[in-house]
Amino acid sequence: MSALSAEVDKVAALRLALPALGAGVYLNTGSCGPLPAETAAAMAEVADWELRLGRASPDTYYDVLQRMEEARASIAAIIGADTRDLALTHAVTEAMNVAIWGIDWRPGERAVSARNFEHAGGLSGLYAVRDRLGVDLELVDIGAGGDRQRVLAAFDAAIIPGTRLVSVCHVSHATGAVLPIAEIAEIAHARGALLAVDGAQAVGALPVDVQALGADVYAIAGQKWLLGPEGTGALYVAPAALDRLGDDLLRRRVRHVVTENDRVLRTAQRLRTGQVAGIGDLLTASHRSLAGDFEVSCPELDLAVDSALQAGAVGARMTGGGFGGSAVAMVPHDRVEAVIRFVTGAFDAPGFTEPVCRIVRPAQGARAEPQA
């Protein structure tokens, strides 16, 4: 088979996988890419499941988490990032707003972007912090963006001391110009600023290596050149940049959500493989995260967990409503009575209400029964 015929076969296979290409010459990928038949089938399968069986069950929950992890891994591979540095979003606009509002702005601090060049989704957050927080927003004139020296000179003049953020698109939605991101990053970093990049028109259309580019934050669209469904996107945050985002509360909340999802997946995997004993450490780590990062525990719950562990439980965490809900402990058979006595005694010392301890055995979760 010749190289030419192989390419012809490849193109034919791609056209078959993208039915919308049969309707004519498709030139709208910059807005929404053609939806692959395989993707449409997967979406229809989920919609049918939810219609027939409901939209919440342990089986589908774990499956969704697994698919989200696979999506993050796929996008991370495309942009040269670590999966741990990537979060899924609903759009590039959402991702850019996360970056912009993740900075602890002070009145008079500076943000820099481009005039008549950026997408409204990237500019909207900048206008908001300008109007609400008193941020100095400088929009530089780079024309159509095709003159490299003009672009770099404009940003070099605008990025001055006090600049906290430089926000630019990688590829213009209007002109198709590709900005010299790596060079802009060098200027920004030399002057203490972070660089946020709107990659909506780049990822999937041209090779992207976020680490080589030096981007601190990079926003990705799922529905354009990656041919995903509407309402999909991602946000890359460089590890060093995460430490510079000033909102410690937001950082801790996000850390809990990300690590808790990972603990759920690891717990499900250990249940499937019969490694039940290993779940104890995950329960305890979950409670530490709920108490420390998410701050939804209380002294009584912390005492219940700590005293149960001290008395021989292999793992424990708060559950239920939080702020006075309940705690669940994983206890070996021969330590059950000892744990109950110890926890009850521990509550007596600080004058807490005596806890109600119940012995329960694990059972299967809610599920759809096979139809006869």
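The values are calculated or read from the model by the stated rules, or taken from the named source; none is laboratory data. Remember, predicted model here, so these are calculated numbers, not experimental data. Note that we place each Cβ from the backbone using ideal geometry, even for glycine, and neighbour counts take in every protein chain shown.
Brief remarks on what is shown
- Candidate set: the range 51-69, residues that are of a type outside the set (A, V, I, L, M, F, W, C) and exposed (fewer than 12 other Cβ atoms within 10 Å of the Cβ); chosen: the one modelled with the lowest pLDDT: R55
- Matching residues in the range 196-207 - criterion: being under 11 Å from L226 (Cβ atoms) and part of a loop (DSSP other than H, G, I, E, B): G199, A200, A202, G204, A205
- Candidates L290, L283, filtered to the one that is under 23 Å from the mean Cα position of the chain (by Cα), buried (at least 19 other Cβ atoms within 10 Å of the Cβ), more than 22 Å from I359 (Cβ to Cβ) and at pLDDT 90 or above: L290
- Count of residues meeting criterion [surrounded by fewer than 21 Cβ atoms within 10 Å (Cβ to Cβ) and within 31 Å of the chain's Cα centre (by Cα)] in the range 139-157: 2
- Residue in the range 212-232 that is in contact (Cβ under 8 Å) with a residue 40 or more places away in the chain, among the basic types (K, R) and not in a loop (DSSP other than H, G, I, E, B) present: no
- Among (1) crowded, with 20+ Cβ neighbours inside 10 Å; (2) touching a Gly at 6+ places or on another chain (Cβ under 7 Å) - the single one R270 does not satisfy: (1)
- Members of the range 165-194 that are among the hydroxyl-bearing types (S, T, Y) and either in a loop (DSSP other than H, G, I, E, B) or surrounded by fewer than 16 Cβ atoms within 10 Å (Cβ to Cβ) (or both): S172, T175
- Qualifying residue in the range 195-207 (condition: in contact with an Asp or Glu (Cβ under 6 Å, 6 or more places away or on another chain), surrounded by 23 or more Cβ atoms within 10 Å (Cβ to Cβ), closer than 21 Å to W101 by Cα and assigned by TED's automatic domain parsing to the domain that holds I100): yes
- Total residues in the range 70-106, condition in contact (Cβ under 8 Å) with a residue 12 or more places away in the chain and closer than 18 Å to G231 by Cβ: 16
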